[in-house]
Amino acid sequence: MTDTIASSNPATADVHPRLIMDWQPARPARTVVHELLYDPTPAVSLADPGPRRGVLRYFFETASQADACWAMHAEKAVLTLTAAISDHTETLRYVVAGGDLVQRLDPESALRTIIEVPYLEVPA
């Protein structure tokens, strides 16, 4: 299966990175523990974890593919990544958030392009 990035903008074509170099999603824990004076048992406020967030690093073999990805992520749109991860397919709906959109050359070849996207998961 080919990894696919799709935009909520119908005028934007899908992009297919050659490789997802780094995907380490994190979810903020929202449970709060209140340690009270003179009480050995803490009070706990339970909450669901927050949405996934992190930085996606896409690897492209051609500049035109990388430019299309760069332009797609610069638009005001919700993006959907569908990727084959190990033995299953993972889907992530996200927006660009929390940092800079970065385009750089692959340090090993200086011919390929890496796009770094800070993301925040959004509900379907």
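The values are calculated or read from the model by the stated rules, or taken from the named source; none is laboratory data. Note that the structure is predicted; figures quoted are calculated from it, not measured. Backbone-built Cβ (ideal geometry, glycine too); neighbour counts: all protein chains shown.
Hey, among 79, 101, which residue is in contact with a helix residue (DSSP H, G or I) (Cβ under 9 Å, 6 or more places away or on another chain) and surrounded by fewer than 18 Cβ atoms within 10 Å (Cβ to Cβ)?
After applying the criteria, what remains is 101.
What do you reckon, is residue 57 closer than 18 Å to residue 16 by Cβ, at pLDDT 90 or above, touching a Ser or Thr at 6+ places or on another chain (Cβ under 6 Å) and not acidic (Asp, Glu)? Talk me through it step by step, then tell me what you get.
Details: closer than 18 Å to residue 16 by Cβ: yes; at pLDDT 90 or above: yes; touching a Ser or Thr at 6+ places or on another chain (Cβ under 6 Å): no; not acidic (Asp, Glu): yes.
Taking the combined requirement at face value, the residue does not satisfy it.
Screening residue 109 on (1) assigned to a strand (DSSP E or B); (2) among the hydroxyl-bearing types (Ser, Thr, Tyr); (3) more than 16 Å from the chain's Cα centre (by Cα) shows it passes everything except condition (1). Among the residues of the range 84-104, are any modelled with pLDDT of 95 or more and not in a strand (DSSP E or B)? No, the range 84-104 has no match at all. Determine whether the range 39-50 contains at least one residue that is within 19 Å of residue 121 (Cβ to Cβ), over 18 Å from the mean Cα position of the chain (by Cα) and not β-branched (Val, Ile, Thr). Yes, the range 39-50 contains a residue that is within 19 Å of residue 121 (Cβ to Cβ), over 18 Å from the mean Cα position of the chain (by Cα) and not β-branched (Val, Ile, Thr).
Only a single criterion out of (1) acidic (Asp, Glu); (2) more than 20 Å from residue 100 (Cα to Cα); (3) in contact (Cβ under 8 Å) with a residue 24 or more places away in the chain is not satisfied by residue 22, namely (2). All conditions but one from (1) more than 15 Å from residue 17 (Cβ to Cβ); (2) surrounded by fewer than 17 Cβ atoms within 10 Å (Cβ to Cβ); (3) modelled with pLDDT of 85 or more apply to residue 118; the one that does not is (2).
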